[in-house]
Amino acid sequence: MDSILVKGNGPLNGVIPIAGAKNACLTLMPATLLSEEPLTLTNAPRLSDIATMTQLLQSLGAEVASLQDGQVLAMSSHDINNHTADYDIVRKMRASILVLGPMLARDGHAIVSLPGGCAIGARPVDLHLKALEAMGAELDLRDGYVHAKATGGRLKGAVVEFPFVSVGATENALLAATLAKGTTVLKNAAREPEIVDLAQCLRRMGAQIEGEGSNTITIQGVDRLNGATHPVVTDRIELGTYMLLPAICGGEVECLGGRLDLVGAFVERLEEAGVSVVETARGLKVTRKNGRVNAVNVTTEPFPGFPTDLQAQMMALLCTADGVSVLEEKIFENRFMHAPELLRMGAKIDVHGGHATVTGVERLRGARVMATDLRASVSLILAGLAAEGETVVSRVYHLDRGYERVEEKLRGVGAHIERITS
Ligand code: UD1
């Protein structure tokens, strides 16, 4: 298993290109199942999660070609000859459940393995299933699989009110509703930029959708969808992560492709901490010149609130802030697994339920630490760059799920980072 070695440095300066969003790409790829014509995604990120979704779609009979060094995904689902998403692929990645809605909408039947447990909490898929049931799916859960059939062979439009906001359930329902008979209204829908991107792509394919980005999305089902070419939206989590580099190490980093509307709540907290963020013609420029950042309180919420996927990285920054910060995690239980690792680096953190109280220290110290999930792993790299001495982060396969060419990008702004291949 590979590890990453980082050495604490001085200020970081330069530019970092931000990739297309992993989470958008993972919901856009299953959209290929809705049409017999080709769907091409540009600005795709080069990540192991994308390779897993490729493998899943291919197992169903879709053709997926990775072009231009992985930045273009050319897909065609002309011949879907298998309607079972196997446990061996699904267990690697929860987002695999997103093939359920499209397969059911297209052919009226699908069998998809339940994703199973996950390091950041229970993460059930009940809301996905309830939405599809409301649209006329008959579901049978046996042998760890969801066996789904559309009553009468085709899903029907329905009013679906989610009891709380779920990104994945909104996506699955939106994908399915495009080919359902009649109108579907999704209430208390997620408003994340990845949902807006999905709706835009589906509209390019001929879907009739209104209201994405608000909490009510209305979909008028159509009989068929066409092919399309769609650019994947910028990854706001990779963006926020790299915006933290100059915040935590000092210096000035311009994130190419960055947009304020993608990271509004996060930027508010950064500015409160004393970090400057300026919109440029090519992206967002982040600067911290002198002294420690101020302590700030952070509460994770559905978009447009502060994203849970930036909580671990923000905690790394606040470990070095001047004062006491409280982070409240409202999306996932058990999402502070990075805290014990940061403690090994000299941080002062007290976790109590869904809250973590962080008392900033002048300097973190390098240590051997272990990545427990994707965002936790990058938070340890950020902490290592701000620490005195060397930090070795093990289990970096988590990192490769969501950050493309991380060493190359970080070295480009002057970071000392290398991969140790075992
Ligand atoms: C997506 C993102 C993930 C991000 C999360 C929240 C992808 C591939 N992943 O995950 O990176 O952290 O949004 O922004 O896009 N829940 C249920 N039942 C369900 C579905 C969800 O109880 O059927 C719960 C979850 O356990 C969690 C909360 O709802 O507590 C929100 O989860 P959700 O928004 O669905 O997250 P994902 O779509 O899994």
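The values are calculated or read from the model by the stated rules, or taken from the named source; none is laboratory data. No experiment lies behind these values; they were computed from the predicted model shown. Here Cβ is always computed from backbone atoms with ideal geometry, including for glycine, and neighbour counts include all displayed protein chains.
Condition check ((1) more than 16 Å from the ligand (Cβ to nearest atom); (2) among the hydrophobic types (A, V, I, L, M, F, W, C); (3) in the same structural domain as Gln71 (by TED's automatic domain parsing)) across all residues:
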residue: Ile195; (1), (2), (3): no, yes, yes
residue: Cys201; (1), (2), (3): no, yes, yes
residue: Gly206; (1), (2), (3): yes, no, yes
residue: Glu212; (1), (2), (3): no, no, yes
residue: Asn215; (1), (2), (3): no, no, yes
residue: Ile219; (1), (2), (3): yes, yes, yes
residue: Asn226; (1), (2), (3): yes, no, yes
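Counting only residues that are touching a residue at least 40 places away in the same chain (Cβ under 8 Å), give me the strands (runs of 3 or more DSSP E) lying completely in the range 354-404 with at least 1 of them.
355-359, 390-394
Could you list all residues from the range 116-135 that are more than 9 Å from the ligand (Cβ to nearest atom), modelled with pLDDT of 65 or more and either over 24 Å from Thr184 (Cβ atoms) or of a type in the set (A, V, I, L, M) (or both)?
Gly116, Leu132, Ala134, Met135
Could you go through the range 332-352 and let me know if any residue there is in the same structural domain as Glu271 (by TED's automatic domain parsing), assigned to a strand (DSSP E or B) and within 15 Å of the ligand (Cβ to nearest atom).
no
Give just the number: which of (1) hydrophobic (A, V, I, L, M, F, W, C); (2) surrounded by 13 or more Cβ atoms within 10 Å (Cβ to Cβ); (3) at pLDDT below 95; (4) within 11 Å of the ligand (Cβ to nearest atom) does Val165 not satisfy?
Only one criterion is unmet by Val165, namely (3).
May I ask you to list the residues in the range 280-305 that are more than 30 Å from Ser166 (Cα to Cα) and part of a strand (DSSP E or B)?
Passing the criteria: Lys285, Val286, Thr287, Arg288, Asn294.
Please verify whether Leu39 is over 30 Å from Gly240 (Cα atoms), away from the ligand (no atom under 16 Å from the Cβ) and not assigned by TED's automatic domain parsing to the domain that holds Cys249, treating the condition exactly as stated.
no
Looking at the range 136-157, which of the residues that are of a type in the set (D, E, K, R) and surrounded by 15 or more Cβ atoms within 10 Å (Cβ to Cβ) is farthest from the ligand (Cβ to nearest atom)?
Looking at residues that are of a type in the set (D, E, K, R) and surrounded by 15 or more Cβ atoms within 10 Å (Cβ to Cβ), I get Arg154.
Among the residues of the range 35-46, write down those that are surrounded by fewer than 24 Cβ atoms within 10 Å (Cβ to Cβ) and either small (Gly, Ala, Ser) or not in a strand (DSSP E or B) (or both).
Glu36, Glu37, Pro38, Asn43, Arg46
For residues that are touching a residue at least 60 places away in the same chain (Cβ under 8 Å) and not in a helix (DSSP H, G or I), scanning just the range 306-327, find the one that is farthest from the ligand (Cβ to nearest atom).
Thr320
Among (1) surrounded by 19 or more Cβ atoms within 10 Å (Cβ to Cβ); (2) more than 27 Å from Val378 (Cα to Cα), which single condition is Gln208 missing?
If we test Gln208 against (1) surrounded by 19 or more Cβ atoms within 10 Å (Cβ to Cβ); (2) more than 27 Å from Val378 (Cα to Cα), just (1) comes out false.
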